[in-house]
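Sharing a structure, written as structure tokens. Questions coming.
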Amino acid sequence: MVDLGGQYQGIKDQVNSSISNILESSTFINGPEVHAFQKELEEYLDIKHVIPCANGTDALQICMMGLDLKPGDEVITADFTFAATVEVIGLLQLTPVLVDVEPDTFNIDIKAIEKAITPKTRAIVPVHLFGQCANMDAIMDLAHKYDLYVIEDNAQGIGAKYTFNDGTKKMSGTIGHVASTSFFPSKNLGCYGDGGAIFTNDDDLAHTIRGIVNHGMYKRYHHDVVGVNSRLDSIQAAVLRAKLPNLDKYNTKRREAAQKYSKAFEGQEHITIPKTVNGCEGICDTCDCHVFHQYTLKITNGKRDALVQHLNDNGVPCGVYYPIPLHNQKAYLDERYNEADFPVTNELVKEVISLPMHTELDDEQIDYITSMIIDFINK
Ligand SMILES: *Cc1c(COP(=O)(O)O)cnc(C)c1O
């Protein structure tokens, strides 16, 4: 699914020399590499504050702690995503409110959000799933209308740009009140272990969060709030510093691979190619609205599971993200949920399949994968 070894070859000298400098200087935690990476990412995103932390799940949790959400507060998020989003809501004893997604973009459904808002709702967590932003114009309008916070889960969307209805653009993760991201190795900007970060333009919130990530300390050994221990280490920061200047190039390579996949599948009756909606239509090759963390097809003739088996048997990696709706996961069952409210997610879990997607895919691999799929689906 990913080829991190191939990507490493392109940054090997820089990564190796930075890591050996860190080993020589023994500045493993909060060293100069972490500070430099923070500044460089702030500049790349055009945002005032980046707060590095230990992973993307912590980042989400810390965003919610920073906003001072309290037990019983309702937080609306998508039913079709990775469990981390709903997990931290549960850990903080907030009330998760899962809602359905859109069939073409897989992103959170705006009408379903508005329907789920109650007087207890405090925040919306849109997930920019598979690398394309949720409908942030509509989400920010709802947040304004109902006085809610917006926490962008940008673990899959780093480097994507969102085009507002008025034509202006912003980087994903810089639109809501606060955002989280993950530097897990297979993410679009991945380190060689765990890592994450929080972004915000709000000076007070940034200050609060800087204390939370460090045991609630704003002055050494003075603990003003209950915090956590969540740090990015210097070695991971050094890897990220080597990759960040290449991120746009990496994302372009992903987009080019996606475009080749989509060309090959065009016109196939039982295969729906991913739709890019923000800033462009159809197959996207000229803009940066989608960074294809995953390239995800819908197989609409009931052969998805058989296709997964066929690809596995023939040594072609693939993944099903995600096979079970969150509202049906044992940990998150809740009698308030009604199956009729999740028609899209319930369908997607049966239809989606994600293909290998990374910066090192070549034409031969893409041809091999696409012809195997087309042959099998039409058999
Ligand atoms: C990867 C991911 C996370 C969690 O990130 P970790 O660094 O693995 O903790 C959260 N949300 C989404 C949507 C993700 O894809």
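Give me a count of the residues in the stretch 322-339 that are part of a helix (DSSP H, G or I) and open to solvent by 60 Å² or more (accessible area, probe 1.4 Å).
4
Residues being buried (at least 16 other Cβ atoms within 10 Å of the Cβ) and either of a type in the set (Phe, Trp, Tyr) or outside any strand (DSSP E or B) (or both): count how many of those fall in the stretch 348-364.
Number of matching residues: 9.
Kindly indicate the residue of the stretch 165-182 that is touching a helix residue (DSSP H, G or I) at 6+ places or on another chain (Cβ under 6 Å) and more than 10 Å from the ligand (Cβ to nearest atom) and also most open to solvent (accessible area, probe 1.4 Å) among those meeting that condition.
Filtering first and then ranking leaves 165.
With the requirement that a residue be within 16 Å of the ligand (Cβ to nearest atom) and not aromatic (Phe, Trp, Tyr), what does the stretch 113-135 give you?
123, 124, 125, 126, 127, 128, 129, 131, 132, 133, 134, listed by residue number.
Before we move on, is residue 21 open to solvent by 10 Å² or more (accessible area, probe 1.4 Å) and either aromatic (Phe, Trp, Tyr) or within 19 Å of residue 194 (Cβ to Cβ) (or both)?
no
Would you confirm whether any residue within the stretch 183-196 is open to solvent by 50 Å² or more (accessible area, probe 1.4 Å) and either more than 16 Å from the ligand (Cβ to nearest atom) or at pLDDT below 95 (or both)?
No; the residues of the stretch 183-196 include none that is open to solvent by 50 Å² or more (accessible area, probe 1.4 Å) and either more than 16 Å from the ligand (Cβ to nearest atom) or at pLDDT below 95 (or both).
Still on this structure, please answer the following. Would you confirm whether any residue within the stretch 79-90 is more than 25 Å from residue 208 (Cβ to Cβ) and more than 16 Å from the ligand (Cβ to nearest atom)?
No, the conditions are met nowhere in the stretch 79-90.
Also, quick follow-up: Of all residues in the stretch 190-245, which are touching a strand residue (DSSP E or B) at 6+ places or on another chain (Cβ under 9 Å), under 30 Å from residue 358 (Cα atoms) and not hydrophobic (A, V, I, L, M, F, W, C)?
Passing the criteria: 190, 193, 194, 195, 196, 200, 230, 231, 233, 234, 236.
Given the criterion within 14 Å of the ligand (Cβ to nearest atom) and charged (D, E, K, R), identify the matching residue among 58, 68, 73.
The conditions single out 58.
Exactly one of (1) open to solvent by 10 Å² or more (accessible area, probe 1.4 Å); (2) outside any strand (DSSP E or B); (3) within 17 Å of residue 291 (Cβ to Cβ); (4) not aromatic (Phe, Trp, Tyr) is unmet by residue 204. Its number?
Unmet condition: (3).
Name the helices (runs of 4 or more DSSP H) wholly within the stretch 15-121 that hold at least 3 residues that are within 30 Å of residue 327 (Cα to Cα) and not small (Gly, Ala, Ser)?
Filter on the stretch 15-121 gives 56-66, 84-91, 110-116.
The values are calculated or read from the model by the stated rules, or taken from the named source; none is laboratory data. This structure is a prediction, so every number in the text was calculated from the model and none was measured. Counting neighbours? That spans all protein chains shown, and the Cβs are built from the backbone with ideal geometry, glycine included. Heads up: the accessible areas ignore ligands, DNA and RNA and are worked out on the full protein's heavy atoms, side chains in. Shrake-Rupley method; radii C 1.70, N 1.55, O 1.52, S 1.80 Å.
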